[in-house]
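Each remark here refers to the structure printed beneath this line.
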Amino acid sequence: MKIFLDTANLESIRKYNDMGLLDGITTNPSLMSKEGGNPKDAMKEITKIIQGDVSLEVVSTKYAGMMEEGTRLREYGDNVVVKVPMTPDGLKACKSLSSEGIPVNVTLIFSPNQALLAAKSGAKYVSPFIGRLDDIGHDGIHLIKEIKEIFSNYNFTTEILVASVRHPMHVVDAAKIGADVVTLPPAVLDKMLQHPLTKIGLDNFLADWEKLKAGNPNIKI
Ligand code: E4P
């Protein structure tokens with residue numbers, strides 16, 4: 001399963017990319033707004049740091065505007081994936097951009113039918129928002145199971161990009177289903193790295209090493 005980071009924060013992107021963990025990045029207007037500054041600078045920099053796919057979202061709601069913005073966004077790099085909303089105009093733009101060889105991520109997917117339609121429009125990725133479904137008492141992970149089954153039945157090549165991930169168990173569940181990608185807020189990725197027994201184990205190893213050194217101060221690895 002590929003791991004994308006769901007952020008426009010350059011420090012986090014560099015940090016996890018240096019660990020070799022990132023296959024790509026997803027952003028959206030809210031994430032851009034959170035970082036402030038000129039989003040163009042952030043977009044340019046992210047596409048430079050990351051080799052893999054970087055989703056940059058349009059803000060137009062009409063087909064013509066989405067096409068114009070999508071074409072402009074692609075100027076930031078060959079790894080740019082144009083993110084469009086799951087609307088009639090979004091799907092029309094998805095079809096046109098995909099036919100021109102520009103990869104598209106259809107975002108704000110909340111039902112299996114929306115995922116099916118986005119795949120038929122030629123999307124490279126569909127982004128089902130599982131956390132937001134959980135928030136309103138639905139089962140986000142169940143949606144991933146349904147999309148996976150439908151895409152497998154018809155051999156769609158569209159990838160399932162699990163979005164709106166809130167905690168590490170979402171990641172485990174998505175991986176068990178065989179989702180293609182999860183996009184993670186930095187805080188969730190950070191939690192996945194940690195285990196209390198790892199910290200306790202390391203503290204014990206280092207304390208024992210100090211004991212050994214006490215009797216032999218010149219010792220080195
Ligand atoms: C995905 O592409 C979206 O940017 C993101 O996962 C939305 O997550 P949220 O529900 O935490 O805002």
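Taken together, the values in this text are just the output of simple stated rules run on the coordinates, not laboratory data. Nothing here was measured: the structure is a model prediction, and the numbers come from that model. Cβ sites come from the backbone with ideal geometry, for glycine too, and all protein chains shown count toward neighbours.
Picking from Ile46, Ile130, Ile150, which is most flexible by a Gaussian network model of the chain using Cα springs under 10 Å? For the chain, modelled as a Gaussian network with Cα springs under 10 Å, the answer is Ile150.
Here's how it looks for Glu159: its modeled amide H is under 5 Å from those of Tyr125, Val126, which are all 5 or more places away or on a different chain. A cut-off of 5 Å between modelled amide H atoms, ignoring neighbours fewer than 5 places along the same chain, links Ser55 with Ile25, Thr26, Thr27, Val81.
Projected over every direction and averaged, the convex hull enclosing the alpha-carbon atoms of segment 1-97 yields 6.2 nm².
With neighbours defined as other Cβ atoms within 10 Å of a residue's Cβ, the residues Thr107, Thr157, Thr47 order from fewest to most as Thr157, Thr47, Thr107.
Label point of Asp190 set 7 angstrom out along Cα-Cβ; within segment 114-144, no amide nitrogen lies under 12 Å from it. Residue separation of Asp135 and Lys120 scaled by 0.36 nm, minus their Cα-Cα distance, works out to 2.6 nm of gained length.
In straight-distance terms, cross-link reach from Lys213 covers every one of the lysines whose alpha-carbon lies under 27 Å from its own, apart from those fewer than eight places away in the same chain; here that gives Lys199.
For the chain, the share of alpha carbon pairs falling in successive 5 Å distance bins from zero is 1, 7, 14, 16, 18, 14, 10, 5, 3, 3, 3, 2, 2, 1, 0, 0 percent. Taking the number of Cβ atoms within 10 Å of each Cβ as an exposure proxy, the fewest-first ranking of Ser99, Ser121 is Ser99, Ser121. Note on Ile219 and Lys15: with the Förster distance fixed at 22 Å, the Cβ-Cβ geometry gives a FRET efficiency of about 0.10. Across the chain, the relative contact order, built from alpha-carbon pairs under 8 Å that are at least six residues apart, equals 16 percent.
Here the chain is treated with +1 on each Lys and Arg Cβ and -1 on each Asp and Glu Cβ, and its dipole about the Cα centre works out to around 160 debye. Counting only aspartates and glutamates at least 8 places from Lys40 when in the same chain, those with an alpha carbon closer than 19 Å to its own are Asp6, Glu11, Asp53, Glu57, Glu68, Glu69, Glu75, Asp78.
Residues of segment 46-78 falling in the label zone of Lys40, defined by backbone nitrogen less than 12 Å from a point 7 Å along Cα to beta-carbon, are 73, 76.
On a straight-distance basis, which lysines could pair with Lys2 in a cross-link, Cα separation under 24 angstrom, same-chain partners fewer than 8 positions away excluded? Partners found: Lys15, Lys44, Lys48, Lys83, Lys120, Lys124, Lys145, Lys148, Lys176, Lys191. With neighbour counts taken as other beta-carbon atoms within 10 Å, the residues Thr7, Thr61 rank, fewest first, as Thr61, Thr7. Checking every one of the chymotrypsin sites (Phe, Trp or Tyr not before Pro) in segment 137-169 against DSSP loop status and a limit of 11 other Cβ atoms within 10 Å picks out Tyr154.
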